[in-house]
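The values are calculated or read from the model by the stated rules, or taken from the named source; none is laboratory data. Bear in mind the structure is a predicted one, so any value in this text is a computation, not a measurement. With ideal geometry, Cβ positions are generated from the backbone for all residues, glycine too; neighbour counts draw on all protein chains shown. All accessible areas refer to the heavy atoms of the entire protein, side chains included, with ligands and DNA or RNA removed. Shrake-Rupley method; radii C 1.70, N 1.55, O 1.52, S 1.80 Å.
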Amino acid sequence: MSETEPVESAHRTVAGVELVTIPLNHYAELLDCQRRLVEVSASAPVPPRRPLTVDTRSRLFDDPEVAAFLIEIAGTMRLTDARSACVDRFGAERAPSRSTINRFWQQHRNRR
């Protein structure tokens, strides 16, 4: 999914349930991103200092690949560089703003 290739997907409703079919390799990449998020989250079992809040308005909530990438690069580069890296890797449409990246990193840091 990190490449900009056309994706053939099928959208339909079966018995009132919306379904989307995606290529197997894209599904495998999504599962890998989800696995990495779980591993990173599990590696810091220290209870949070304050109640956790999840910003469900953020696009990162619906894009685990970008979220996993941001967790991997957290603390390795400046905020502006992280934004540029996201644009390079995922394109401007999927790349979060600097403010969103900052909030996401703060929330992630509070979970440690």
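Within the range 62-88, restricting attention to residues that are open to solvent by less than 40 Å² (accessible area, probe 1.4 Å) and in contact with a Leu (Cβ under 8 Å, 6 or more places away or on another chain), the residue that is farthest from residue 33 (Cα to Cα) is 82. Among the residues examined, residue 99 does not qualify as assigned to a helix (DSSP H, G or I), loosely packed, with under 14 Cβ neighbours inside 10 Å and at pLDDT below 90. Checked against (1) among the charged types (D, E, K, R); (2) surrounded by 14 or more Cβ atoms within 10 Å (Cβ to Cβ); (3) outside any loop (DSSP other than H, G, I, E, B), residue 94 passes all but a single condition, namely (3).
Being at pLDDT below 85 and in a strand (DSSP E or B) is not true of residue 54.
Taking the residues in the range 1-51 that are of a type in the set (A, V, I, L, M, F, W, C), assigned to a loop (DSSP other than H, G, I, E, B) and open to solvent by 80 Å² or more (accessible area, probe 1.4 Å) as candidates, determine which candidate is modelled with the lowest pLDDT.
Pass one, the range 1-51, residues of a type in the set (A, V, I, L, M, F, W, C): 1, 7, 10, 14-15, 17, 19-20, 22, 24, 28, 30-31, 33, 37-38, 40, 42, 44, 46.
If we keep only those that are assigned to a loop (DSSP other than H, G, I, E, B) too, we end up with 1, 7, 15, 22, 44, 46.
So of that shortlist, the ones also open to solvent by 80 Å² or more (accessible area, probe 1.4 Å) come out as 15, 46.
Details: 15: 87, 46: 56.
Among them, the one singled out is 46.
Taking residues in the range 10-39 that are closer than 20 Å to residue 72 by Cβ, and partners anywhere that are open to solvent by less than 100 Å² (accessible area, probe 1.4 Å) and not in a helix (DSSP H, G or I), the pairs with Cβ atoms closer than 6 Å and at least 6 places apart or on different chains are 26/1; 29/1. Condition check for residue 77 on (1) under 19 Å from residue 30 (Cα atoms); (2) of a type in the set (A, V, I, L, M); (3) not in a helix (DSSP H, G or I): one failure, at (1).
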